[in-house]
Each structure stands twice: as structure tokens, then as C-alpha cells.
Amino acid sequence: MLKIHLMSSLWNNFCNLYCTKLLIMKLLKPIFYLLSISLFLACGSYSNTTSKANLVKEEPVVIANKALEYEIIIIDIGFTSYLNSIARPMSYHSQTYLQNKNRNYVAVWNNRAQNTQRYDSSIYENVIDYDLNVDYGLEVNYKLYWYFKFAEEKYKMRLNY
């Protein structure tokens, strides 16, 4: 009798634990579904807010020297923020340094713009008319230099050799 009583008590304990486990699982299942749905909705709403932030229209950068009647308009998306955040201050490089760099960059750029069979014409759309004998001033040379740096990074290319 003691064995039977002990067995029945073990059986009762087992049944109680099993029933408790089933009850917990039944309660956890809806909680899991609710958490999954909330996580899904939270991620979806996050992506919507970031895409709206990316829709802000970026103004083109104008490089101009009114005295020389010279103007370049850069419409490449991302250049304005690159110029404001990554480019060094205008006084960092001398005008001579920027002119020398731009001379090389323009030569490579124009070579690629004229060679549409070998290079992507959507990147090199226009030839840049950069006269080596004209003093365009610090601001024009600064913005042109940083545009070349921006284009190298964005399009993963090298313009200097």
C-alpha cells in the first residue's frame, strides 16, 4: 500500500507540474504574439520616419565668381551635407594648393567625360572649363576641390594619379 500511495502521489505531482506547464504555455503564447506584432509595428513606423527625413530637398551648391562671370551649379545629392560636415574649413588649404589639385582633377575629369565608351556618362556628364591662367578665387577653388573629393567617395573612384 505504501508503494501505491507513493506512486499515486508522484503521479499527482507529475500531473500538477504538467498541467501548470501547459497553463503557462497557453498564457505565454498570446503574449509572444502580442510582442511580435508590437515589434513589427514599431520597426515599420521607424522606417517611415527615416524615409520622410530623407525626402528633404537639398539645395544645389553654386560655385560662382561674379567678377569673372563664372558659375558652376552642383546638383549632386549629398554634396551640401558633405561640404558642411566633412570638408575642412576654407582656410585649411592655400589657394595655390587648391588650384594645383584642381588642375589635375579637372584634367582627369575632362578626359573621362570625353571618353564615354570607357567611363560612365551619368557621372561625367559635362566637361569642366577650367582655364589655368584665370584666378577664380579661393571660394571657387575650395568648392570645386571638395566636390572632386565628394565624387571620389560617392562614386568610389580616384581622380588623382
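When you filter the trypsin sites (Lys or Arg not before Pro) in segment 98-161 for DSSP loop state and at most 12 other Cβ atoms inside 10 Å of their Cβ, you are left with 118, 156, 158.
Can you give the net charge of the other residues whose Cβ lies under 13 Å from the Cβ of residue 67, counting K and R as +1 and D and E as -1? Local net charge: -3.
Neighbour counts of other Cβ atoms within 10 Å put 135, 76 in the fewest-to-most order 135, 76.
Values in this text are rule-based calculations from the coordinates and carry no lab data. This one's a predicted model, so the numbers in the text were calculated from it and none came from an experiment. Using ideal geometry, Cβ is built from the backbone for each residue, glycine included, and neighbour counts are taken over all protein chains shown.
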